[in-house]
Amino acid sequence: MQNLWFDPTEMLIGGVWKAPAGTLPVIDPSTGAEVAQIAAGTAADIDAAVIAARAALDGDWGRMTALERGRILTRLGQMVLERIDDLAAIEAADVGKPLTQARNDAIALARYCEFYGGAADKVHGQTIPYLDGYTVYTLREPHGVTGHIVPWNYPMQIIGRSVGAALAMGNAAVLKPAEEACLTALAFARLAADAGLPPGALNVVPGLGAQAGAALTAHPGVQHVSFTGSVATGRLVQAAAAQNVVPVTLELGGKSPQVVFADADLDAALPFLVNAGIQNAGQTCSASSRILVERPLYDALVAGMSAAYGRLHVGPAVADLQVGPLISARQKEIVTGFIDAGRDLPVLATGTLADDLPTGGHYVAPHLLACDDPGHKLAQDEIFGPVQVIIPFDTEDQAVQIANGTAYGLVAAIWSRDGGRQARMAKRLHAGQVFINNYGAGGGVELPFGGTGLSGHGREKGFEALYGFSSLKTVAQYHG
Ligand code: TXE
């Protein structure tokens, strides 16, 4: 790969770039070709990283004021902005993301650094009126060493929201990126050092989940674990952290519905209905894979979404079409397995695979399916690919029942012109974020994000994340 300002095979531990004992291949999902090698970090590397993080807390990093931490993050955001095109090209080759979408991720990473840079010195404690002779106040303190397990679907955004908030609060971070997506994590760490982040404040150990990941979540020197990924791995992470009795933030994906009522502005809704299903080839935790539509609007909505699907083209990341490849052969197998399991559902429309696709790439055409049965596997399970089902409903109560009728609860949207209905639905839907007449609100870094049910617990993004990455101390001073 060209234009790298770091050695992809190295790990960052305590400010030193170290060669690993072994490496893993980096496969370009657009072609199937090996484009680099990354470290296969071990439990010993994780141990060294945790020790280095603790040393940073006991050293320069731990002594820095909130203002100084904020300045470093703000500077880092600026440096990310200056490297947007390089970061986008690296991400496109590493995870197969179409260039425009990869670029948007780099912009979001910069935005997280700016937001948390600005917020670092704005997290205040309280004074609490109490008994005569006492002064009582609260302090927000860092947890200490924070472990960050990041997936491959939005590496830059998830690093920004998790590591950015942790550093702003004065924690020292150990980051284990996904084995399929380590390059932008390393690129970011290199920029962070150049921005003035002291050695050990951010450590990056690439490696396999079952090895480096498991070692990090079980390490007794880690005081907080932040995990984004599958439900199955989330359970393991929470169980491992429980042994050390440390807090965990879990963001585990979803089966997010958009509920479209007959009075909705369909033309305004259509781009959101489709894009929320196919962005990043559907490999998005907050993807909207269920479209619920009130029956009188069913035919018009199906016609509109089908026409939009007809305009979707799938190709390599560098072709920058609407849809790129899936991350891996394994993910393609999972998604095509779901499409097979939906053989009983009418296919309303599909996207188009570009001509002359590289044979080693992991391409799947987007599928739009009709589904009368809200209990169907495709209407219940997270697919994590470009597949959406349309489910009709007749009443508001039924819409709520279907929308809330999965084990997940990450995001939901309501499309209606009726203000009363908007407010009722927003209260009744099980989700960490509800959007009214939009979906995603542009992904704002300011907006607290997280789930209920199998979608996980804890909140990231916004100021809420700063509370999550800190511990509250109450000080009661008796002075008579
Ligand atoms: O996830 P894993 P996978 C869902 C999505 C997808 C499925 C499988 O449905 O099809 O999960 O993806 C690390 N201890 N999501 O297998 O295993 C791993 O190295 C500690 C939704 O990639 O959860 C990687 O860094 N860590 C999701 C991270 O966990 C471990 C995003 C995620 O991998 C570990 C990704 C262990 N024992 C997948 N095993 C979302 N919420 O957006 C693995 N890891």
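The values are calculated or read from the model by the stated rules, or taken from the named source; none is laboratory data. All figures in this text were calculated on a predicted structure; none of them were measured in a lab. Cβ sites come from the backbone with ideal geometry, for glycine too, and all protein chains shown count toward neighbours. Surface areas here come from the heavy atoms of the whole protein model, side chains and all, with no ligands, DNA or RNA. Shrake-Rupley method; radii C 1.70, N 1.55, O 1.52, S 1.80 Å.
Quick grid of which residues meet (1) open to solvent by 20 Å² or more (accessible area, probe 1.4 Å); (2) farther than 21 Å from residue 69 by Cα; (3) small (Gly, Ala, Ser); (4) in contact with a helix residue (DSSP H, G or I) (Cβ under 7 Å, 6 or more places away or on another chain):
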| site | (1), (2), (3), (4) |
| --- | --- |
| 146 | no, no, no, yes |
| 161 | no, no, no, yes |
| 166 | no, no, yes, no |
| 174 | no, no, no, yes |
| 186 | no, no, no, no |
| 204 | no, no, no, yes |
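Condition first: closer than 16 Å to residue 212 by Cβ, open to solvent by less than 20 Å² (accessible area, probe 1.4 Å) and not small (Gly, Ala, Ser). Now tell me which residues in the range 20-78 satisfy that. Answer for the range 20-78, where residues must be closer than 16 Å to residue 212 by Cβ, open to solvent by less than 20 Å² (accessible area, probe 1.4 Å) and not small (Gly, Ala, Ser): 26, 38, 46, 50.
Might you let me know whether the range 228-240 holds any residue that is within 14 Å of the ligand (Cβ to nearest atom), within 23 Å of the chain's Cα centre (by Cα), of a type in the set (Val, Ile, Thr) and surrounded by 23 or more Cβ atoms within 10 Å (Cβ to Cβ)?
Narrowing the range 228-240 to residues within 14 Å of the ligand (Cβ to nearest atom): 228-240.
Imposing the further condition that a residue be within 23 Å of the chain's Cα centre (by Cα) reduces the set to 228-240.
Subsequent filtering for residues that are of a type in the set (Val, Ile, Thr) retains 228, 231, 233, 237.
Adding the requirement that they be surrounded by 23 or more Cβ atoms within 10 Å (Cβ to Cβ) leaves 228, 237.
Yes: one or more hits.
Would you check if residue 408 is within 16 Å of residue 278 (Cα to Cα) and either more than 16 Å from the ligand (Cβ to nearest atom) or open to solvent by 10 Å² or more (accessible area, probe 1.4 Å) (or both)? No. Taking every residue in the range 223-234 that is in contact (Cβ under 8 Å) with a residue 60 or more places away in the chain and charged (D, E, K, R) and pairing it with any residue that is in a helix (DSSP H, G or I) and within 7 Å of the ligand (Cβ to nearest atom), at least 6 positions away or on another chain, yields no pair with a Cβ-Cβ distance below 8 Å. Taken as a whole, the structure leaves residue 138 outside the set of residues that are within 30 Å of residue 93 (Cβ to Cβ) and touching a residue at least 24 places away in the same chain (Cβ under 8 Å).
The test for being closer than 15 Å to residue 362 by Cα, touching a Lys or Arg at 6+ places or on another chain (Cβ under 7 Å) and either touching a residue at least 12 places away in the same chain (Cβ under 8 Å) or surrounded by fewer than 19 Cβ atoms within 10 Å (Cβ to Cβ) (or both) holds for residue 317.
Looking across the range 33-75, just one residue is within 11 Å of residue 203 (Cβ to Cβ) and among the basic types (Lys, Arg), and that is 54.
For the residues 213, 253, the requirement of being under 16 Å from the mean Cα position of the chain (by Cα) and open to solvent by less than 10 Å² (accessible area, probe 1.4 Å) singles out 253. Would you pick out the residues in the range 438-465 that are touching a helix residue (DSSP H, G or I) at 6+ places or on another chain (Cβ under 7 Å) and either polar (S, T, N, Q) or under 15 Å from residue 407 (Cα atoms) (or both)? Listed by number, the residues that qualify are 438, 454, 456.
Among the residues of the range 420-450, the one identified as open to solvent by 60 Å² or more (accessible area, probe 1.4 Å), within 20 Å of residue 270 (Cβ to Cβ) and either of a type in the set (Lys, Arg) or assigned to a helix (DSSP H, G or I) (or both) is 442. The one condition from (1) more than 16 Å from the ligand (Cβ to nearest atom); (2) touching a Phe, Trp or Tyr at 6+ places or on another chain (Cβ under 6 Å) that residue 160 does not meet is (1). Being open to solvent by 50 Å² or more (accessible area, probe 1.4 Å), away from the ligand (no atom under 16 Å from the Cβ) and under 25 Å from residue 228 (Cβ atoms) is a condition met by no residue of the range 279-290. Across the range 190-202, the qualifying residues are those that are in a loop (DSSP other than H, G, I, E, B) and open to solvent by less than 10 Å² (accessible area, probe 1.4 Å), and the one among them that is farthest from residue 167 (Cα to Cα) is 195.
This table checks each residue for (1) without any contact (Cβ under 8 Å) to a residue 24 or more places away in the chain; (2) of a type in the set (A, V, I, L, M, F, W, C); (3) near the ligand (Cβ under 10 Å from one of its atoms); (4) in the same structural domain as residue 156 (by TED's automatic domain parsing).
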| site | (1), (2), (3), (4) |
| --- | --- |
| 193 | no, yes, no, yes |
| 200 | no, no, no, yes |
| 203 | no, no, no, yes |
| 208 | no, yes, yes, yes |
| 216 | no, yes, yes, yes |
| 219 | no, no, no, yes |
| 243 | no, no, no, yes |
| 248 | no, yes, no, yes |
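For the range 322-351, taking the residues that are surrounded by fewer than 17 Cβ atoms within 10 Å (Cβ to Cβ) and more than 20 Å from residue 27 (Cβ to Cβ), the one that is nearest to the ligand (Cβ to nearest atom) is identified as 337. For the range 368-387, a residue qualifies if it is farther than 22 Å from residue 152 by Cβ and open to solvent by 30 Å² or more (accessible area, probe 1.4 Å), and the qualifying residues are 372, 373, 374, 375, 377, 380. Note on the range 110-126: among residues that are open to solvent by less than 30 Å² (accessible area, probe 1.4 Å) and out of contact with any Ser or Thr (no Cβ under 8 Å at 6 or more places or on another chain), the one that is farthest from residue 470 (Cα to Cα) is 110.
If the requirement is being open to solvent by 20 Å² or more (accessible area, probe 1.4 Å) and in contact with a Leu (Cβ under 9 Å, 6 or more places away or on another chain), which of these qualifies: 155, 142?
Of the residues listed, the single one that is open to solvent by 20 Å² or more (accessible area, probe 1.4 Å) and in contact with a Leu (Cβ under 9 Å, 6 or more places away or on another chain) is 142.
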